[in-house]
Amino acid sequence: MSDSAASILPQGAGYGVGIGLFFSAFMLVLTAIQTRYTGFSPKNAEEFSSASRSVKPGLIASGIVSAWTWAATLLQSSAVAYKYGISGPWWYGAGATVQVLLFAMLAAKLKLNAPHAHTWLEIVAARWGTVAHSVFMFFGLATNIIVSSMLILGGSATVTDLTGMNTIAACFLIPLGVCIYVVVGGMRSTLLCDYTHTTVLFAIILTFLFTVYATSPKIGSFSKMHDLLAAAAEKAPVAGNAHGSYLTMRSKNGLIFGVINLIGNFATVFQDQAYWQRAIASKPSTCVKAYLLGGIAWFAIPFAFATTLGLAARALTGDPDMQTLTPADVSAGLPASAAAAALLHKGGAAALLVLLFLAVTSATSAELIAVSSILTYDVYKRYINPRANEQQILRMNHLMVAFFAIVMGLAGTIFYYIGVSMGWLYTFMGVILGSAVVPIAICVTWSKANKWGSIIGALVGFACGVMSWLVVTSSLNGKVINVTVSDYEMLTGNLASIGVGGIIAVVTSLIWPENFNFDATRAINAKVHEKDTRHGSEASNRQTEESLDGLDEKKRQESSASDDVRSVSSDAAAMEEELELDPVGLKKAFRFASWSSVALTLILLILIPLPLFFAQTVYGVRGLAAWVTIGIIWCFLSAISVVLYPLWESRRALTQIARGMVKDIFKPGSGKYVPPAVTTSSA
């Protein structure tokens, strides 16, 4: 990269964004407002880790979109568009969308088979015991570490490129600000952060879209983009593409990347506690809707963003304002930042820096709360202090958030010094993680899944994936093992890992099936949950009984009436929960998730891309215009789904908060939320 590229923004901008104290302060204010004017307080362990399992589908969908929008989503998708043309954004988007869609089935089974679990590892432990729990905890924590490392590597590389900020400082400062508001606000704060990020994300993506294809003097139209890409193909034709063009879905390397992307992202969804955490936080009746909506909405982000900045980076090759990109720069995910700076100069660089910061912080907050839950419930509570009370659990959650923030900085620094780029790590993650995908999925969903077959499948698949990658890398590079991004060794390692692990787990389950009825998993935390839901009512009743001494008969009757109100309120809450966890309804939701997610998967991976691949068509101006227009329309519909819809479904809560704030303005202290039972008692 040129020196000018590194200094397009001042270092102060990098350190300001890296620390992110303003954003942290903003999130702390939101948490304070929520605590004061609603009934949700992060001082409760259940609220901290799972948002009281009461979040509506729009906000969950927005959280899914945000948590799944990593630095790699923006940077790596643009890099594959830069390398392979229009096929890259499709294969990136489709190859990472279907996992979220198919996860809707796991979400439905989670609510049916383990409605009170805090982590997916608790389900493994209840069903298969300590050995399986330990094995799959390795894969779960490895997933979180790899995902976090990609976030830090991609974020720090781009911040350094745009501002000249010290890379090591970026690795540690990025998680710092996030840690502050996650410790204070917990899961609900994370979801509010997700919503804020998603809103800004779509605004900036649409700005880049209309700049590139409508207003930019460098491109500014579909025909100019087409001409520039055609000229780029003449100078540097793409190996494996039809006629070497960037304007075709016939891309051999694009298809190979799609397969690698598909396998690797199965691992980072099915094994990442962050996605299970959102299913746990969701209302049972709407969790399937949330995941389907979130998956469909998310597709628009890498597809539209990469079709804009990734193609623009290739089209502007040779432009005086465009930086010269080396293969290492492309592997680091820098085409997007180069294109943004060339198109809008400091404004474009600043917009991308903000976009990247929000993507990294949002996904980082998801990883922090996810790992803190695993370390708290699956390590501390299971093996160290099984009798831990709520305050001890909450304190451990806080400590583990801070601990993993430090681990994230260290992991990013280590990978940086050994020369591992975000692009390499992204394509390699399936080699390490893919073998546990099928065993985990059948553990939650299939009563016949065999314990030892699943454990052996995960371990043998892991070994086969790594050995396959080593052998192919060595044979293709003159017996040298390196960390250069290459398609064939990554494809081999990914296929070996997920294939061997899945085959062993399924075949052993068919030969030696278990007959598990999921009663043990449904009992996870059931007594604790029942105690938590009744604790407030019982404590209030005891306080009322103690205060009856010295009261006259009239006051005694009023207090008795208030007890009845509390009892009715508690019974109503219990009845609502029972309806939410109705097995008939949840089984129906699972069937809906099954056929809808499979249908959407077939459409995204087979029915649309493969006919276009085999047709070998090179698109003209109209074809490119139609392709980009689909992305724009999809972007708008996605924004409506995950930006406007959550506001609509939360209209009552927003009204309640607004009323409380108005009351506080005119009569300080009068707007604070008071539980209905207390209000009735004082009446």
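The values are calculated or read from the model by the stated rules, or taken from the named source; none is laboratory data. Since the structure is predicted, the reported quantities are computational estimates derived from the model, not experimental observations. Reconstructed Cβ throughout: ideal geometry from the backbone, glycine too, with neighbour counts over all protein chains shown.
State whether one or more residues within segment 205-226 are in a helix (DSSP H, G or I), more than 33 Å from the chain's Cα centre (by Cα) and not hydroxyl-bearing (S, T, Y). Yes - at least one qualifying residue is present in segment 205-226.
Among the residues making up segment 237-254, a single one is under 20 Å from A626 (Cα atoms) and part of a helix (DSSP H, G or I): A242.
Within segment 575-608, being modelled with pLDDT under 90, hydrophobic (A, V, I, L, M, F, W, C) and exposed (fewer than 13 other Cβ atoms within 10 Å of the Cβ) holds for M575, L579, V584.
Is it the case that some residue within segment 652-668 is in a helix (DSSP H, G or I), at pLDDT below 85, β-branched (V, I, T) and over 22 Å from the mean Cα position of the chain (by Cα)? Checked against the condition, which is being in a helix (DSSP H, G or I), at pLDDT below 85, β-branched (V, I, T) and over 22 Å from the mean Cα position of the chain (by Cα), segment 652-668 yields at least one hit. Could you check, for segment 221-242, whether at least one of its residues is among the hydroxyl-bearing types (S, T, Y), surrounded by fewer than 24 Cβ atoms within 10 Å (Cβ to Cβ) and at pLDDT below 85? No, that holds for no residue. Pairs are defined by a Cβ separation below 7 Å, a sequence spacing of at least 6 or placement on different chains, a first member in segment 481-506 that is under 20 Å from V444 (Cα atoms), and a second member that is of a type outside the set (S, T, Y) and at pLDDT below 90; the pairs so defined are I498/I263; I498/F266; I498/G430.
The listed residues are L106, L102, L141, L153, and the only one of them that is closer than 30 Å to M249 by Cβ, modelled with pLDDT of 85 or more and touching a helix residue (DSSP H, G or I) at 6+ places or on another chain (Cβ under 9 Å) turns out to be L102. Within segment 37-65, restricting attention to residues that are polar (S, T, N, Q) and part of a loop (DSSP other than H, G, I, E, B), the residue that is modelled with the highest pLDDT is T38. Under the condition of being surrounded by fewer than 20 Cβ atoms within 10 Å (Cβ to Cβ) and in contact (Cβ under 8 Å) with a residue 60 or more places away in the chain, which residue from segment 443-479 is nearest to I260 (Cα to Cα)? Once the filter is applied, the top-ranked residue is L459. Against the numbered list (1) of a type in the set (D, E); (2) out of contact with any Leu (no Cβ under 8 Å at 6 or more places or on another chain); (3) surrounded by 13 or more Cβ atoms within 10 Å (Cβ to Cβ), D519 comes up short only at (3).
State whether the residues of segment 609-627 include one that is among the hydroxyl-bearing types (S, T, Y), assigned to a helix (DSSP H, G or I) and surrounded by 12 or more Cβ atoms within 10 Å (Cβ to Cβ). Talk me through it step by step, then tell me what you get.
Going through segment 609-627, the residues among the hydroxyl-bearing types (S, T, Y) turn out to be 617, 619.
Still in the running and assigned to a helix (DSSP H, G or I): none.
Scanning segment 609-627 turns up no residue that is among the hydroxyl-bearing types (S, T, Y), assigned to a helix (DSSP H, G or I) and surrounded by 12 or more Cβ atoms within 10 Å (Cβ to Cβ).
F270 passes every criterion in (1) buried (at least 24 other Cβ atoms within 10 Å of the Cβ); (2) touching a strand residue (DSSP E or B) at 6+ places or on another chain (Cβ under 7 Å) apart from (2). Summed over segment 175-212, residues that are crowded, with 24+ Cβ neighbours inside 10 Å, over 21 Å from V159 (Cα atoms) and modelled with pLDDT of 90 or more total 1.
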